[in-house]
Amino acid sequence: MLAPTALVLALFVLYPLGLAVKNSFFAWDLLTPPRWVGLGNYAEILASGELWGAAARTLCYSAIVVVFSVGLGLALAVALNRRGAVYAFVRGAVFSAYVVSWVAVALLWMWILDADAGLLSSILRALHVRPLNWLGDPDVALVTLAFVSVWKITGYSMVIFLAGLQDIPPSLLEAAALDGAGPLRRFVHVTWPLLRPSTAFVATTSLILSFQAFDVVRVMTQGGPVKSTTIFVYAIYEHVFQNLRVGRASALTVVFFLLLLGLTGLQLWTFRATAAPRRAS
Amino acid sequence: MIAEEGAGIRAAISRAALVVVAAIWLGPYAWMTLTSLKTLPEIVRAPAYPLPSSLQFGAYREVFATVPVGRYFLNTILMAVAIALLQITLALPAGYALAKLRFAGRGRAFALILACLLVPAQVTFVPVFMLLGKVGLVNTFAALVLPFGVSALGTFLVRQALLSVPDEVIEAARMDGASELRIIYGLLAPMIRPTLAALFLFSFVFHYNDYFWPLVMTTDDSVRTLPLAVALLREQGTGVRWHIVMAGNVILSLPVLAVFAAAQRQILRAVTARV
């Protein structure tokens, strides 16, 4: 019964993982045979600063994405957790961005953020505000990409929080209201503590997912300008498909995997720490 | 009285907030659609003016003329459906074993499956690309489908759904002489249809949209998918012709938005499930 599943996993997860580790000890350009270099690839990505650069950019991108998408998602969930067709429609609108392809979202925002003819720059100019070069300025581009991603995935945290809100017994909030607690105090003392498992879940899953971002970079900036948006997966991709450096790409892959493993450990730990009386299905 | 007044103000604020939120999330779609209905001179003359002078479908005609949209669309649908079906086909027996069969190391097997699936495609794509290259499978349908045959979410959801099926149902079927495969696909699968539907839709939408894996695994038109073609629209030709790119965007997004509008509940069911 488990054999087909085990076969697929062995073939497409375990074996490739082993292969990545092996390849990281070789210099290989796909044309000539691989050459053993030991830890040479690791030394190179460390010494050239490439590793720190990719890690720092990925962390910066992920931090913005997680903080803003989770914060906004929570605010929207609380604001839109009402009956009625209008609320349902707006919830659907926010979540729809999560369902649409990254390619569509990236192209759409490229056009809106176009430095010369883009809608946002035009509006700002009409208001006599000098627009930034959203995608062309190395100091700005990564932040721009992060906010495009926030727009795309806020709907995800919103629906997780909405599911969490559904589980809060209305009687608890009513009791708090009878005791004279206003909406703010009800949120701080009843809703927020009960949403902690949802928060832990959504924050860690978004962190792990944003760490693996690629599409938005590939479509919008190709890692530029001057490498300012070369986050982990894009760096790996570039090494294999543009520079034909499989060894270096594999070394980056191994480090990337270890980082993901660390983040997953963090996730499990937060789940344990926030374990709710009720386990979600 | 004071409370009533406060409630009125609060209602007004919340209505205003609703409009702002809707504008932030729907405005970009509107802008995309409006742009796709313009002509290039219109965009160059007044890029921020929202309305096209008249409905121009020239951009769509150009997309269909330069890109084999039908072929890519078919490739994308076939790939996404094949992945979703394969995932369900494999998740059923695996979920069954994990939920209903007693064997040594069952808990560990479950943990191992979930652990394997924490390894994303972004980690395995380099070696898988080499591997498939060695056996001549790069640029094939198999390269797009097989690596996604097992889904963590799928295995988990099927296991959870089967846990709530009473053992007596299975015992009775065994007494009647039904084989294990018949029990899984003939008896249990129909019983957990809502879960399978949610899984199918979620997987379909995810892989229909996927850009990364088809980009890495294909170079050939015969297997390339729609997201790749649309992304390429921007890189082609002289200067960026945004009306054409946005027309491609509309073509790419409409089917998925339609599926979402029709089956929001099922998709949300899979998204809000916690592994």
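Of the residues making up region A:100-151, those that are under 25 Å from A:Q212 (Cα atoms) and part of a loop (DSSP other than H, G, I, E, B) are A:V100, A:S101, A:L113, A:W134, A:L135, A:G136, A:D137, A:P138, A:D139, A:V140. For region A:40-88, residues that are more than 18 Å from A:L209 (Cα to Cα) and of a type in the set (S, T, N, Q) total 3.
Among the helices (runs of 4 or more DSSP H) confined to region B:163-220, the ones with at least 2 residues that are within 30 Å of A:V240 (Cα to Cα) are located at B:193-209, B:212-217.
Where in region A:180-281 are there helices (runs of 4 or more DSSP H), lying wholly inside it, with at least 1 residues that are aliphatic (A, V, I, L, M) and open to solvent by 30 Å² or more (accessible area, probe 1.4 Å)? Even if it seems obvious, please write down each step before you answer.
Details: elements: A:183-186, A:196-211, A:215-220, A:232-241, A:246-273.
Filter on region A:180-281 gives A:183-186, A:196-211, A:246-273.
Could you please let me know if A:L244 is on the phi > 0 side of the Ramachandran plot and of a type outside the set (G, A, S)? When the stated conditions are applied, A:L244 passes them. Flag: B:A30 matches the condition of being assigned to a helix (DSSP H, G or I), more than 9 Å from chain A (Cβ to nearest Cβ), open to solvent by less than 80 Å² (accessible area, probe 1.4 Å) and more than 11 Å from B:H243 (Cβ to Cβ).
Whenever a residue of region A:108-137 is within 11 Å of another protein chain (Cβ to nearest Cβ), its partners that are in a helix (DSSP H, G or I) and open to solvent by 70 Å² or more (accessible area, probe 1.4 Å), lying with C-beta atoms within less than 8 angstrom and at least six residues away or across chains, give the pairs A:A117/B:V44.
Can you say whether A:V70 is more than 14 Å from chain B (Cβ to nearest Cβ), within 27 Å of B:L252 (Cα to Cα) and open to solvent by less than 60 Å² (accessible area, probe 1.4 Å), as far as the supplied structure shows? Reasoning before the result, please.
Details: more than 14 Å from chain B (Cβ to nearest Cβ): yes; within 27 Å of B:L252 (Cα to Cα): no; open to solvent by less than 60 Å² (accessible area, probe 1.4 Å): yes.
Against the criterion (more than 14 Å from chain B (Cβ to nearest Cβ), within 27 Å of B:L252 (Cα to Cα) and open to solvent by less than 60 Å² (accessible area, probe 1.4 Å)), A:V70 does not qualify.
Looking only at region A:206-247, count every residue that is closer than 16 Å to B:Q122 by Cα, more than 9 Å from every other protein chain (Cβ to nearest Cβ) and either of a type in the set (V, I, T) or free of Cβ contacts under 8 Å to residues at least 12 places away in the same chain (or both) and tell me the total. The number of residues fulfilling the criteria is 4.
Yes/no matrix, rows are residues, columns are (1) among the β-branched types (V, I, T); (2) under 30 Å from A:M220 (Cβ atoms):
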site: A:M1; (1), (2): no, no
site: A:L19; (1), (2): no, no
site: A:P34; (1), (2): no, no
site: A:A55; (1), (2): no, yes
site: A:V65; (1), (2): yes, yes
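Just wondering, is there one or more residues in region B:253-266 that are over 14 Å from the mean Cα position of the chain (by Cα), buried (at least 16 other Cβ atoms within 10 Å of the Cβ) and modelled with pLDDT of 85 or more? Checked region B:253-266: no residue is over 14 Å from the mean Cα position of the chain (by Cα), buried (at least 16 other Cβ atoms within 10 Å of the Cβ) and modelled with pLDDT of 85 or more. Taking the criterion of being among the β-branched types (V, I, T) and modelled with pLDDT of 90 or more, the residues of region B:217-239 that qualify are B:T225, B:V230. A single entry from B:A84, B:A97 fulfils the requirement of being open to solvent by less than 20 Å² (accessible area, probe 1.4 Å), among the small types (G, A, S), at the interface with chain A (Cβ under 9 Å from one of its Cβ atoms) and over 30 Å from A:G262 (Cβ atoms): B:A97.
What tally of residues in region B:57-79 results from selecting those that are in a loop (DSSP other than H, G, I, E, B) and surrounded by 16 or more Cβ atoms within 10 Å (Cβ to Cβ)? Qualifying residue count, region B:57-79: 1.
Can you name the residue in region A:167-179 that is without any contact (Cβ under 8 Å) to a residue 40 or more places away in the chain and under 30 Å from A:L207 (Cα atoms) and is also least open to solvent (accessible area, probe 1.4 Å) among such residues?
Applying the first criterion (without any contact (Cβ under 8 Å) to a residue 40 or more places away in the chain) to region A:167-179 yields A:168-179.
Within this subset, residues satisfying the condition of being under 30 Å from A:L207 (Cα atoms) are A:168-169.
Details: A:I168: 13, A:P169: 58 Å².
Taking the candidates together, the pick is A:I168.
Does region A:101-115 contain at least one residue that is under 25 Å from the mean Cα position of the chain (by Cα), charged (D, E, K, R) and open to solvent by 10 Å² or more (accessible area, probe 1.4 Å)? Yes - at least one qualifying residue is present in region A:101-115.
Of the residues making up region B:157-195, those that are of a type in the set (A, V, I, L, M, F, W, C), open to solvent by 20 Å² or more (accessible area, probe 1.4 Å) and at pLDDT 90 or above are B:L157, B:L163, B:V169, B:A172, B:M175, B:L181, B:L187, B:M191. Only a single criterion out of (1) more than 9 Å from chain B (Cβ to nearest Cβ); (2) under 29 Å from A:T229 (Cβ atoms) is not satisfied by A:P34, namely (2).
Any idea which of A:L184, A:L261 is without any contact (Cβ under 8 Å) to a residue 60 or more places away in the chain and facing another protein chain (nearest Cβ under 10 Å)? Write out each step before concluding.
Numbers: A:L184 fails: facing another protein chain (nearest Cβ under 10 Å).
Every option except A:L261 fails the conditions.
Residues that are open to solvent by less than 10 Å² (accessible area, probe 1.4 Å) and either out of contact with any helix residue (DSSP H, G or I) (no Cβ under 6 Å at 6 or more places or on another chain) or facing chain A (nearest Cβ under 9 Å) (or both) within region B:229-252 comprise B:V230, B:A231, B:V245, B:M246, B:G248, B:N249, B:L252, listed in sequence order. Only one entry in A:A117, A:A181 is touching a helix residue (DSSP H, G or I) at 6+ places or on another chain (Cβ under 9 Å), closer than 29 Å to B:T35 by Cα and modelled with pLDDT under 85, namely A:A117. For A:Y156, are the conditions met, namely being at pLDDT 90 or above, of a type outside the set (A, V, I, L, M, F, W, C) and open to solvent by 10 Å² or more (accessible area, probe 1.4 Å)? Yes; evaluated as a whole, the condition is true for this residue. Considering the conditions (1) over 20 Å from A:M1 (Cα atoms); (2) open to solvent by 50 Å² or more (accessible area, probe 1.4 Å), B:V145 is excluded by exactly one of them, (2). B:V223 meets each of the listed conditions (1) in a helix (DSSP H, G or I); (2) more than 8 Å from chain A (Cβ to nearest Cβ); (3) open to solvent by 10 Å² or more (accessible area, probe 1.4 Å) apart from (1).
Return the total of residues in region A:19-37 being open to solvent by 60 Å² or more (accessible area, probe 1.4 Å) and under 20 Å from B:V119 (Cβ atoms).
We begin by selecting, within region A:19-37, every residue open to solvent by 60 Å² or more (accessible area, probe 1.4 Å); these are A:21-22, A:28, A:30-36.
If we keep only those that are under 20 Å from B:V119 (Cβ atoms) as well, we get A:21-22.
Of the residues in region A:19-37, 2 are open to solvent by 60 Å² or more (accessible area, probe 1.4 Å) and under 20 Å from B:V119 (Cβ atoms).
The values are calculated or read from the model by the stated rules, or taken from the named source; none is laboratory data. Bear in mind the structure is a predicted one, so any value in this text is a computation, not a measurement. Glycine also receives a Cβ, built like all others from the backbone with ideal geometry; neighbour counts cover every protein chain displayed. We work out accessible area using only protein heavy atoms, side chains counted, and drop any ligands, DNA or RNA first. Shrake-Rupley method; radii C 1.70, N 1.55, O 1.52, S 1.80 Å.
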